[in-house]
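**Student:** What follows is a structure written as structure tokens; I'll ask about it next.
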Amino acid sequence: MSDTVTSASPRIATAFERAHSESRGALMPYLMGGYPTLERSLEIGRAYAQVGADIIELGVPYSDPLADGAVIHEAATEALAAGASVSGVLELARALSPSVPVVLMCYANVVFAPGVEAFVERLAHTGAAGLIVPDLPLEEATQTLAACDAHGIALVPLIAPTTPPERLAAIGARARGFLYTVSVVGTTGERSALPERFTELVAKAKAATDVPVAIGFGISTPEDVRAAVRAGADGVIVGTRLVRAAGDSADSAAAVAEVLSELKSGLGTDR
Amino acid sequence: MSESAIEHRFGRYGGQYVPETLMAALAELEQAWVAARADVAYRSELDGLLKEFVGRPTPLYRARRLSQQLLRPVYLKREDLNHTGSHKLNNALGQALLAKRMGKRRVIAETGAGQHGVATATACALLDLQCVVYMGSEDTRRQRPNVQRMELLGATVKPVQAGACTLKEATSAAIRDWVENVGSTHYIIGSVVGPAPYPALVRDLQSVIGVEARQQILEREGRLPARVIACVGGGSNAMGIFNAFLGDEDVQLIGVEAGGEGTDTPRHGAPLTVGGRAGVLHGSLSAIMQDEEGQIIEAHSISAGLDYPGTGPQHAFLRDSGRARYVAVTDRQALDAFRAVTRLEGIIPALETAHALAWTLAQSDGELDLVCLSGRGDKDLAEVLALT
Ligand SMILES: Cc1ncc(COP(=O)(O)O)c(C=O)c1O
């Protein structure tokens with residue numbers, strides 16, 4: 001790993017190293033900040049940490065989430081209706097960061113609204129480790145990357161199955177923290193039968209970067225998790241399945257803990 | 001058309017703020033457009049269809065009684081006389097031909113007023129392409145005749161129930177569909193919005209309006225107009241007519257946005273007029289309506305086609321540079337103009353277009369006005385009759 005990469009995200013690197021030393025993939029659950037309410041989302045985050053999350057991906061609810069499917073879109077809408085705000089979600093980041101590295105997932109306009117520099121500085125003050133902006137491709141990311149590097153925040157880029165080889169190399173070279181490999185051509189959401197392509201996708205991602213490779217989008221069963229780890233992924237991100245569990249139950253924290261424990265069983269030591 | 005590369009930015013505005021999944025498709029589209037617009041076969045097929053199928057060139061009409069009343073000549077560029085009743089077909093047909101060239105058999109579109117949806121469904125029927133149109137459920141209600149037209153034309157209309165159930169959500173739903181189906185599908189965006197290359201591509205395809213109008217008015221009057229006036233939702237009919245006049249510095253360019261219940265209320269669709277911090281919506285940086293934390297605010301307009309919290313990036317650039325000026329007209333003023341022009345000229349304009357007419361009617365000064373009559377108002381009758 002290069003100096004920039006590690007210095008931008010020592011906590012993320014450590015989290016992957018620990019998982020690796022235990023011969024398993026890193027468990028990376030997604031949390032929709034403010035859903036169903038701010039307090040309950042904090043409980044869910046704590047439950048994630050207790051079950052053994054290595055990194056938490058904390059979503060900022062957004063009015064127009066173009067990379068998200070129906071479940072996360074609706075959860076965001078509900079969170080906003082319940083009064084969720086960026087400041088509220090940043091407080092979640094502050095509350096969770098001492099126990100687990102937090103990577104904020106946030107759409108570009110929310111980053112731009114106070115100004116990129118001001119946003120990243122605020123984020124850094126919460127103790128968060130990283131930032132993912134799903135609608136900020138490489139070409140648009142220069143300023144945000146510079147601000148993140150200056151504040152010790154890892155700007156985690158995404159690659160997709162449609163990303164051509166030259167782009168992949170360029171994105172991989174600028175990756176910080178980890179490389180977020182989108183497993184499907186599509187938005188977030190549960191879907192059946194996708195693990196066949198994992199091996200090829202992960203291999204391409206690994207060849208393009210020095211940072212760990214995490215796979216996400218559509219992963220919802222222990223079998224999916226197992227397939228991702230077997231394909232060589234250093235980490236597995238689970239979103240929609242957990243957001244759905246949080247919404248389905250009155251005791252969201254207990255419900256997500258149960259689902260996450262099950263998913264964790266797929267991380268295995270049999271790689 | 002020139003062969004120079006397609007603009008990604010207009011000053012600081014524009015760009016490609018989209019999920020990575022779409023980046024390759026945007027590059028493919030840009031290449032396809034650069035090749036197509038320089039290709040004689042594509043040009044002649046499009047020009048032939050514009051002439052024989054769409055009915056171009058559209059007339060430039062010196063509005064008789066309007067000119068009399070206003071004591072100055074007012075010319076109307078009759079885009080309402082295009083097949084399907086608006087300027088939207090200029091773009092939809094050009095992009096449907098492009099989809100065919102790219103080997104994409106499935107086409108998706110968003111629509112507000114339904115005019116772009118009808119235009120796309122029409123082009124897809126003609127070219128034998130599969131067509132899916134996303135439309136907010138509030139708009140399927142208030143633009144019912146257009147839903148029926150699309151379905152007759154063989155398109156699948158998918159009502160979108162999210163947010164205010166209008167054009168913003170329809171556009172988001174179309175973009176999500178594209179993210180899912182990008183390999184097989186071309187997204188025909190309906191205005192000069194979205195990620196590059198769309199704002200430039202749609203402007204190029206709509207610029208025929210201004211090219212014709214400029215030549216026609218020179219023939220009729222021997223001079224250029226003092227003002228060119230067009231309504232602005234996303235801004236495609238406005239960019240289409242403005243483009244030919246950009247270099248004519250003495251010609252004022254006026255974009256008329258939806259003032260809704262007033263720009264001093266939150267219920268409007270006038271981000272260019274109101275100003276404020278630029279932001280990202282649907283893939284480009286432009287003038288948008290947003291709150292302090294960057295959440296998009298719902299727009300409001302009586303006119304479904306202007307009921308949108310964003311606008312094309314080139315308009316934001318033209319505003320900042322001072323080359324064009326943007327103003328807003330309220331729901332009420334637009335309704336009054338709708339009725340007035342119908343009675344005066346025997347032309348029922350679209351409610352969108354009525355905004356441009358309302359601003360023109362309200363000017364006591366001026367010498368020679370050219371208004372883009374972007375579409376006809378048959379689709380709006382039920383809505384207008386219920387309200388007045
Ligand atoms: C007749 C007519 N004019 C104008 C518009 C607004 O679109 P734009 O600003 O892209 O011209 C619409 C959109 O539905 C329309 O139907």
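The values are calculated or read from the model by the stated rules, or taken from the named source; none is laboratory data. Note that the structure is a prediction, hence the values are computed from the model and not measured. Methodologically, a virtual Cβ is constructed for each residue, glycine included, from the backbone with ideal geometry; neighbour enumeration extends over all protein chains shown. SASA here: full protein model, heavy atoms, side chains in, ligands and nucleic acids out. Shrake-Rupley method; radii C 1.70, N 1.55, O 1.52, S 1.80 Å.
**Student:** Looking at segment B:109-142, which of the residues that are in contact with a Phe, Trp or Tyr (Cβ under 8 Å, 6 or more places away or on another chain) and among the aliphatic types (A, V, I, L, M) is farthest from the ligand (Cβ to nearest atom)? Before the answer, list the steps.
**Tutor:** Taking segment B:109-142 as the starting set, the residues that turn out to be in contact with a Phe, Trp or Tyr (Cβ under 8 Å, 6 or more places away or on another chain) are B:109-112, B:126.
Going one step further and asking which of them are among the aliphatic types (A, V, I, L, M), we end up with B:109, B:126.
Values: B:Ala109: 11, B:Leu126: 20 Å.
In this case the residue turns out to be B:Leu126.
**Student:** Related question: Restricting attention to segment A:147-168, report how many residues are small (Gly, Ala, Ser) and either within 8 Å of chain B (Cβ to nearest Cβ) or touching a strand residue (DSSP E or B) at 6+ places or on another chain (Cβ under 9 Å) (or both).
**Tutor:** The total comes to 3.
**Student:** Being surrounded by fewer than 22 Cβ atoms within 10 Å (Cβ to Cβ) and more than 9 Å from chain B (Cβ to nearest Cβ) is the requirement here; does A:Val116 meet it?
**Tutor:** Yes.
**Student:** What number goes with the only condition from (1) more than 14 Å from chain B (Cβ to nearest Cβ); (2) at pLDDT below 95 that A:Thr188 does not pass?
**Tutor:** Exception for A:Thr188: condition (1).
**Student:** Just checking, does segment A:90-101 include any residue being under 18 Å from A:Tyr180 (Cα atoms) and touching a helix residue (DSSP H, G or I) at 6+ places or on another chain (Cβ under 6 Å)?
**Tutor:** Yes, because at least one residue in segment A:90-101 is under 18 Å from A:Tyr180 (Cα atoms) and touching a helix residue (DSSP H, G or I) at 6+ places or on another chain (Cβ under 6 Å).
**Student:** Quick one: B:Leu387 ticks every box in (1) in contact with a helix residue (DSSP H, G or I) (Cβ under 7 Å, 6 or more places away or on another chain); (2) crowded, with 18+ Cβ neighbours inside 10 Å bar one, so which box is it?
**Tutor:** (2)
**Student:** Which of the residues spanning segment B:331-384 are open to solvent by less than 10 Å² (accessible area, probe 1.4 Å), under 20 Å from B:Leu253 (Cα atoms) and acidic (Asp, Glu)?
**Tutor:** B:Asp369
Let's see how each residue does on (1) open to solvent by 10 Å² or more (accessible area, probe 1.4 Å); (2) closer than 30 Å to A:Pro137 by Cα:
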site	(1), (2)
B:Ala230	no, no
B:Asp250	yes, no
B:Ala258	no, no
B:Pro266	yes, no
B:Gly269	no, yes
B:Ala278	yes, yes
B:Gly283	no, yes
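**Student:** For residues that are in contact with a helix residue (DSSP H, G or I) (Cβ under 7 Å, 6 or more places away or on another chain) and assigned to a loop (DSSP other than H, G, I, E, B), scanning just segment A:212-233, find the one that is surrounded by the fewest Cβ atoms within 10 Å (Cβ to Cβ).
**Tutor:** A:Gly232
Per-residue answers, yes or no, for (1) closer than 24 Å to A:Ala228 by Cα; (2) in contact with a Ser or Thr (Cβ under 9 Å, 6 or more places away or on another chain); (3) not polar (S, T, N, Q):
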position	(1), (2), (3)
A:Ser87	no, no, no
A:Pro98	no, no, yes
A:Cys106	no, no, yes
A:Val111	no, yes, yes
A:Glu117	no, no, yes
A:Val133	yes, yes, yes
A:Thr162	yes, yes, no
A:Gly186	yes, yes, yes
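**Student:** While we're on this one: Out of A:Asp54, A:Asp64, report the one residue that is in contact with a Ser or Thr (Cβ under 6 Å, 6 or more places away or on another chain) and either more than 14 Å from every other protein chain (Cβ to nearest Cβ) or over 16 Å from A:Ala246 (Cβ atoms) (or both).
**Tutor:** A:Asp64
**Student:** Only one residue in B:Ala36, B:Ala25, B:Ala5 is away from every other protein chain (no Cβ under 14 Å) and open to solvent by less than 70 Å² (accessible area, probe 1.4 Å). Which one?
**Tutor:** When all the criteria are applied, what remains is B:Ala36.
**Student:** Among the numbered criteria (1) within 16 Å of the ligand (Cβ to nearest atom); (2) surrounded by fewer than 24 Cβ atoms within 10 Å (Cβ to Cβ), which single criterion is violated by B:Gln68?
**Tutor:** (1)
**Student:** Does A:Glu200 qualify as being open to solvent by 10 Å² or more (accessible area, probe 1.4 Å), within 11 Å of another protein chain (Cβ to nearest Cβ) and over 16 Å from the mean Cα position of the chain (by Cα)? Quick ask: steps written out before the conclusion?
**Tutor:** On the way: open to solvent by 10 Å² or more (accessible area, probe 1.4 Å): yes; within 11 Å of another protein chain (Cβ to nearest Cβ): no; over 16 Å from the mean Cα position of the chain (by Cα): yes.
Against the criterion (open to solvent by 10 Å² or more (accessible area, probe 1.4 Å), within 11 Å of another protein chain (Cβ to nearest Cβ) and over 16 Å from the mean Cα position of the chain (by Cα)), A:Glu200 does not qualify.
**Student:** Please count how many residues of segment B:88-108 are within 10 Å of the ligand (Cβ to nearest atom) and open to solvent by 10 Å² or more (accessible area, probe 1.4 Å).
**Tutor:** 1
**Student:** Then there's this: Under 9 Å between Cβ atoms, which residue pairs at least 6 apart in sequence (or on different chains) link something in segment B:97-125 that is free of Cβ contacts under 8 Å to residues at least 24 places away in the same chain with a partner that is open to solvent by 10 Å² or more (accessible area, probe 1.4 Å)?
**Tutor:** Sorted first by the residue in segment B:97-125, then by its partner, the list stays empty.
**Student:** Test B:Ile175 against the stated conditions and say whether it is more than 14 Å from chain A (Cβ to nearest Cβ) and either modelled with pLDDT under 95 or part of a helix (DSSP H, G or I) (or both).
**Tutor:** Values: more than 14 Å from chain A (Cβ to nearest Cβ): no; either modelled with pLDDT under 95 or part of a helix (DSSP H, G or I) (or both): yes.
When the stated conditions are applied, B:Ile175 does not pass them.
**Student:** Go through segment A:37-48 and report how many residues are open to solvent by 30 Å² or more (accessible area, probe 1.4 Å) and of a type in the set (A, V, I, L, M, F, W, C).
**Tutor:** Residues meeting the conditions: 2.
**Student:** Oh, and also: Within segment B:276-388, considering only strands (runs of 3 or more DSSP E) that don't extend past its boundaries, which have at least 1 residues that are under 29 Å from B:Pro59 (Cα atoms) and within 14 Å of the ligand (Cβ to nearest atom)?
**Tutor:** Strands (runs of 3 or more DSSP E) meeting the threshold: B:324-330, B:369-373.
**Student:** Is at least one residue of segment B:201-217 buried (at least 24 other Cβ atoms within 10 Å of the Cβ), away from the ligand (no atom under 14 Å from the Cβ) and part of a loop (DSSP other than H, G, I, E, B)?
**Tutor:** no
**Student:** Let me ask you something else. Only one of these conditions is not met by A:Gly34: (1) open to solvent by 10 Å² or more (accessible area, probe 1.4 Å); (2) outside any strand (DSSP E or B). Which number is it?
**Tutor:** Condition (1) is where A:Gly34 drops out.
**Student:** Could you tell me which numbered condition B:Val133 fails, if it satisfies all but one of (1) crowded, with 23+ Cβ neighbours inside 10 Å; (2) touching a residue at least 40 places away in the same chain (Cβ under 8 Å)?
**Tutor:** (2)
**Student:** So, in segment A:52-80, of the ones that are more than 17 Å from the chain's Cα centre (by Cα) and of a type in the set (A, V, I, L, M, F, W, C), which residue ends up surrounded by the fewest Cβ atoms within 10 Å (Cβ to Cβ)?
**Tutor:** For segment A:52-80, the residue satisfying everything is A:Ala70.
For every residue, the table says whether it meets (1) part of a helix (DSSP H, G or I); (2) within 16 Å of the ligand (Cβ to nearest atom); (3) in contact with a Pro (Cβ under 9 Å, 6 or more places away or on another chain); (4) among the hydroxyl-bearing types (Ser, Thr, Tyr).
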| residue | (1), (2), (3), (4) |
| --- | --- |
| B:Met150 | yes, yes, no, no |
| B:Val192 | no, yes, yes, no |
| B:Pro199 | yes, yes, yes, no |
| B:Val228 | no, yes, no, no |
